[in-house]
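Each remark here refers to the structure printed beneath this line.
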Amino acid sequence: MGEEILINFTPMETRVAVIENGMPQEVYIERVRRRGIVGNIYQGKVVRVLPGMQAAFVEIGLERAAFIHVEDVLPQTATSEEKSNASISHQLREGQSLVVQVTKDPIGTKGARLTTHLSIPSRYLVYMPGNDHIGVSQRIEDVEERDRLRSTIAGLLKEITDDEENGKSPGGFILRTVAEGASEAELKEDIKFLRRLWGKIQRNLKGAKAPSVIYEDLPLNMRTLRDMAHTGLERIRIDSRETYQKATEFVQSLVPEIAEKLEYYPGERPIFDLFNVEEELQRALGRKVELKSGGYLIFDQTEAMTTVDVNTGAFVGHRNLEETIFKTNLEAATAIGRQLRLRNLGGIIILDFIDMEDPDHQRQVLRTLERVLEKDHAKCKVTGVSELGLVEMTRKRTRESLEHVLCETCEQCQGRGSIKTPETVCYEIFREILRQHRAYDTDSYLVLAAQNVVDYMVDDASDHVAELEAFISKTIRFQIEPMYGAEHYDVVLR
């Protein structure tokens, strides 16, 4: 079984799942109220310049001001020396209008990340109006094909320059991975499309007031067809007839070679149930991931990084301990690569594999991990095994993780992942009563708390309550509040 793409559409939400060998590998979710803005171009306004951070905040019309670093303001032709000596204060001033593009969505408490180096993607190319560089995706490994693509684009751009009266540079281009094998005619059509689009953006910029949107990237379902669909796919199933019709029109004009891959899915069974995508989504929100061997992984996502702990669990192997550890780590490397994509974890990632004494085993586990990550659409870099035996890696983060998209901080534990025991809350209440006793004169106290806390105080701690009543010479009564959380309580003076 090869690779499929499932597109699930509702008026409020679009979801896309990438299936490889019958298993969900990646899930993208876009909601009407929280649509991603990566790729959007804005007329922004500089609201604060921070010389100490070599950065500035730019208002683009979102809840939080966006962030731009000095390197994203300097011309792309700037040398390393110019970049190191540059000052944000010399580049930007407060109140200045600035045309910017979003490179990272707002994530957590951080605002969007911006650049002035605009780029506009199409099927085969990424257009960069600010320079004349011609690049080729590193994933196209064939040297002859890279040279062919580069020379083809150079020839097409020379034709454009010769045809235009002003002789100005037509801009730069990067050939995307899907451009491998593309014909000259296909590349020429892409160039024409991108230059027409850039002309429209330039017209929108004239007279635009800051902050305002100048250009919005395609919605998720269309971006999927543009960026992820390829001739190697088995099929692309869409469960909405209207979305299917729009997708058909879109691919016929932009990517006709995948038109036959499109398929309308009218089944009664939800499309995301076909390959247990819903079930996998629920598992991907948990900390623990079971391995087939009996081992397991523990994922902990923090503000600064994500850590993954590998454990043998119930797997005892058949030969010796080293062989058991090796097999567990090999299986874990494959599972980690998939989970990183499925959970969309980014930034710094620390992998704590089980310690291996054999250097060859270490190399094989690392090679397995790198091979799995080769299929990842996000850029990954594995730095090797550290002195502490940890594998350090990074994965480019441009949007929020699956957990941040689907979940919110727990009101009970405030994100700690644990709550206080009824006994702990009970002793907090005792201390609060003593505090109130020293400060105020009252006849009795009424404790309002959750069911389990009141039960504990009435049963397990009843003798301590009696001792406290005798000590303060006051009566203490209890009342269950169904709406209170496990740690929430009030001591009322009566």
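Kindly indicate the residue of region 234-256 that is charged (D, E, K, R) and surrounded by fewer than 15 Cβ atoms within 10 Å (Cβ to Cβ) and also farthest from E189 (Cα to Cα) among those meeting that condition.
R241
Could you check region 1-78 for strands (runs of 3 or more DSSP E) lying wholly inside it with 2 or more residues that are in contact with a helix residue (DSSP H, G or I) (Cβ under 8 Å, 6 or more places away or on another chain) and either among the aliphatic types (A, V, I, L, M) or surrounded by fewer than 15 Cβ atoms within 10 Å (Cβ to Cβ) (or both)?
3-10, 13-20, 23-31, 41-50, 55-59
Mind counting the residues in region 257-267 that are open to solvent by 80 Å² or more (accessible area, probe 1.4 Å) and acidic (D, E)?
1
Going through region 401-417 one residue at a time, which ones are part of a loop (DSSP other than H, G, I, E, B) and either touching a helix residue (DSSP H, G or I) at 6+ places or on another chain (Cβ under 8 Å) or at pLDDT 85 or above (or both)?
If the condition is that a residue be part of a loop (DSSP other than H, G, I, E, B) and either touching a helix residue (DSSP H, G or I) at 6+ places or on another chain (Cβ under 8 Å) or at pLDDT 85 or above (or both), then S401, C407 are the ones that fit.
Name, by its number, the condition in (1) buried (at least 17 other Cβ atoms within 10 Å of the Cβ); (2) closer than 30 Å to E278 by Cα that does not hold for E374.
Checking E374 against (1) buried (at least 17 other Cβ atoms within 10 Å of the Cβ); (2) closer than 30 Å to E278 by Cα, the one that fails is (1).
Filter region 224-235 down to residues that are of a type in the set (D, E, K, R) and at pLDDT 90 or above and give me whichever is farthest from I5 (Cα to Cα).
It comes out as E234.
Residues that are open to solvent by 20 Å² or more (accessible area, probe 1.4 Å), touching a Lys or Arg at 6+ places or on another chain (Cβ under 8 Å) and aromatic (F, W, Y): does region 268-285 have at least one?
Scanning region 268-285 turns up no residue that is open to solvent by 20 Å² or more (accessible area, probe 1.4 Å), touching a Lys or Arg at 6+ places or on another chain (Cβ under 8 Å) and aromatic (F, W, Y).
I19 - would you say it is under 30 Å from N276 (Cβ atoms) and either over 18 Å from the mean Cα position of the chain (by Cα) or of a type in the set (F, W, Y) (or both)?
When the stated conditions are applied, I19 passes them.
Checking R146 against (1) open to solvent by 40 Å² or more (accessible area, probe 1.4 Å); (2) modelled with pLDDT under 90; (3) of a type outside the set (A, V, I, L, M), which test does it fail?
Only one criterion is unmet by R146, namely (2).
Give the residues of region 198-218 that are closer than 26 Å to L262 by Cβ and either of a type in the set (D, E) or at pLDDT 90 or above (or both), sorted by residue number.
E216, D217
Does S89 satisfy the condition of being over 21 Å from E303 (Cβ atoms), of a type outside the set (A, V, I, L, M, F, W, C), surrounded by fewer than 17 Cβ atoms within 10 Å (Cβ to Cβ) and touching a residue at least 60 places away in the same chain (Cβ under 8 Å)?
So S89 fails the test.
Within region 471-484, is even one residue farther than 18 Å from C413 by Cβ and part of a helix (DSSP H, G or I)?
Yes, region 471-484 has at least one match.
Which of the numbered conditions does E411 fail, given that it passes all the others? Conditions: (1) closer than 30 Å to R35 by Cα; (2) open to solvent by 70 Å² or more (accessible area, probe 1.4 Å); (3) without any contact (Cβ under 8 Å) to a residue 24 or more places away in the chain.
Against the list (1) closer than 30 Å to R35 by Cα; (2) open to solvent by 70 Å² or more (accessible area, probe 1.4 Å); (3) without any contact (Cβ under 8 Å) to a residue 24 or more places away in the chain, E411 comes up short only on (3).
What residue, of E400, E428, is closer than 30 Å to G36 by Cα and open to solvent by less than 60 Å² (accessible area, probe 1.4 Å)?
Going through E400, E428 in turn, just one is closer than 30 Å to G36 by Cα and open to solvent by less than 60 Å² (accessible area, probe 1.4 Å): E400.
For (1) at pLDDT 90 or above; (2) open to solvent by 40 Å² or more (accessible area, probe 1.4 Å); (3) part of a loop (DSSP other than H, G, I, E, B), each residue gets a yes or a no:
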site	(1), (2), (3)
V126	yes, no, no
N131	no, no, yes
I153	yes, no, no
K158	no, yes, no
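Please go through region 99-124 and pick out each residue that is at pLDDT 90 or above, hydrophobic (A, V, I, L, M, F, W, C) and either open to solvent by 20 Å² or more (accessible area, probe 1.4 Å) or in a loop (DSSP other than H, G, I, E, B) (or both).
V99, A112, L118
If you go through region 380-394, how many residues are open to solvent by less than 80 Å² (accessible area, probe 1.4 Å) and assigned to a loop (DSSP other than H, G, I, E, B)?
3
Out of the residues in region 297-308 that are open to solvent by 60 Å² or more (accessible area, probe 1.4 Å) and not polar (S, T, N, Q), state the one that is farthest from F326 (Cα to Cα).
So, considering only residues that are open to solvent by 60 Å² or more (accessible area, probe 1.4 Å) and not polar (S, T, N, Q), the one farthest from F326 (Cα to Cα) is E303.
Under the condition of being part of a helix (DSSP H, G or I) and touching an Asp or Glu at 6+ places or on another chain (Cβ under 8 Å), which residue from region 187-233 is least open to solvent (accessible area, probe 1.4 Å)?
Of everything passing the filter in region 187-233, L220 is least open to solvent (accessible area, probe 1.4 Å).
Checking R438 against (1) basic (K, R); (2) in a loop (DSSP other than H, G, I, E, B); (3) closer than 30 Å to A450 by Cβ, which test does it fail?
For R438, the exception is condition (2).
The values are calculated or read from the model by the stated rules, or taken from the named source; none is laboratory data. The shown structure was predicted, so the numbers you read here are calculated from the model rather than taken from an experiment. No Cβ is skipped: glycine too gets one built from the backbone with ideal geometry, and neighbour counts run over all protein chains shown. Note: areas computed on protein heavy atoms with side chains; ligands, DNA, RNA excluded. Shrake-Rupley method; radii C 1.70, N 1.55, O 1.52, S 1.80 Å.
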